[in-house]
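Presented below is the structure to which this report refers.
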Amino acid sequence: MAVTIGAKAPDFMVNTTRGPISMSEYKGKWVILFSHPADFTPVCTTEFMEFAKRYENFKDLNVELIGLSVDSLQSHIEWLKDIKEKFDVEIPYPVIADINKEVAREYNLIDEKAGNTVRGVFIIDPDQKVRWMIYYPAETGRNIDEILRSLKALQVNWNNKLATPVNWKPGEKGIVPPPSTLEDAYKRINEGNKAWYLKYQGT
Ligand code: BEZ
């Protein structure tokens, strides 16, 4: 069954460039699992380097990054060595060698026509539920700022039970969940909120 928002993140035991890992060992942390079409491709190279440059930002937010493609471990190692040699960027996060496409199938990441993985991103919460997902076409590089912004919005919801409005940026006010009683609805009007269903609160 395809992964959906709110579903439990499928577990796996896999080989990566940083040794074997399982999804379940990350319980208690946020995880960003992202797939790329193929090693040694230009757009993917820029994304890998940008994720590496922002690695400490993610770490500070209790986030672990995990890359994935259907390329072999040997190919991943050669590519990451090449990135280090040519661009002086060390890739600090594990990259899954999903040669049998088992994880890719579980996370609905297979591009059937190309036979490889699409550009997918999943944000998984500390309870291992999928909270956010996005797919980009092969020709379009991801926006790491937007992934970080979305992660921070999810963490505001996780920590403060607030939703976030359109174009929300970290530091801005969030939105309180709708009232559950008529009394609460009237209370909001009396408090001066323009509409009973829209109440902002600092994050
Ligand atoms: C790239 O990462 O540059 C790429 C990968 C697959 C298809 C097209 C571009």
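The values are calculated or read from the model by the stated rules, or taken from the named source; none is laboratory data. Remember, it's a predicted structure, so these values are computed and weren't measured experimentally. Heads up, the Cβs are rebuilt from the backbone with ideal geometry, glycines too, and the neighbour counts pull from every protein chain shown. With ligands, DNA and RNA removed, areas are computed over all heavy atoms of the protein, side chains included. Shrake-Rupley method; radii C 1.70, N 1.55, O 1.52, S 1.80 Å.
Quick notes on this one:
Residues are listed down the side, and each one gets a yes or a no for (1) hydrophobic (A, V, I, L, M, F, W, C); (2) assigned by TED's automatic domain parsing to the domain that holds Lys113:
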| position | (1), (2) |
| --- | --- |
| Lys8 | no, no |
| Lys29 | no, yes |
| Leu33 | yes, yes |
| Pro37 | no, yes |
| Arg54 | no, yes |
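- The residue of the range 18-57 that is nearest to the ligand (Cβ to nearest atom), among those that are farther than 18 Å from Glu146 by Cβ and among the aliphatic types (A, V, I, L, M), is Ala38.
- Among the residues of the range 108-116, at least one is at pLDDT below 95, open to solvent by less than 80 Å² (accessible area, probe 1.4 Å) and in contact with a Lys or Arg (Cβ under 8 Å, 6 or more places away or on another chain).
- Candidate set: the range 146-203, residues that are part of a helix (DSSP H, G or I) and of a type in the set (Lys, Arg); chosen: the one most open to solvent (accessible area, probe 1.4 Å): Lys187
- The set of residues in the range 40-63 that are open to solvent by 10 Å² or more (accessible area, probe 1.4 Å) and either touching a Gly at 6+ places or on another chain (Cβ under 8 Å) or not in a helix (DSSP H, G or I) (or both) comprises Phe40, Thr41, Val43, Thr46, Arg54, Leu61, Asn62.
- Within the range 122-151, if we keep just the residues that are in contact with a helix residue (DSSP H, G or I) (Cβ under 6 Å, 6 or more places away or on another chain) and within 16 Å of the ligand (Cβ to nearest atom), the residue that is farthest from Ala38 (Cα to Cα) turns out to be Ile144.
- Those residues of the range 77-96 which are closer than 21 Å to Lys59 by Cα, surrounded by fewer than 19 Cβ atoms within 10 Å (Cβ to Cβ) and in contact with a helix residue (DSSP H, G or I) (Cβ under 9 Å, 6 or more places away or on another chain), in sequence order: Val89, Glu90, Pro92
- Filtered residues of the range 78-91 (kept if in a helix (DSSP H, G or I) and under 23 Å from the mean Cα position of the chain (by Cα)): Trp79, Leu80, Ile83
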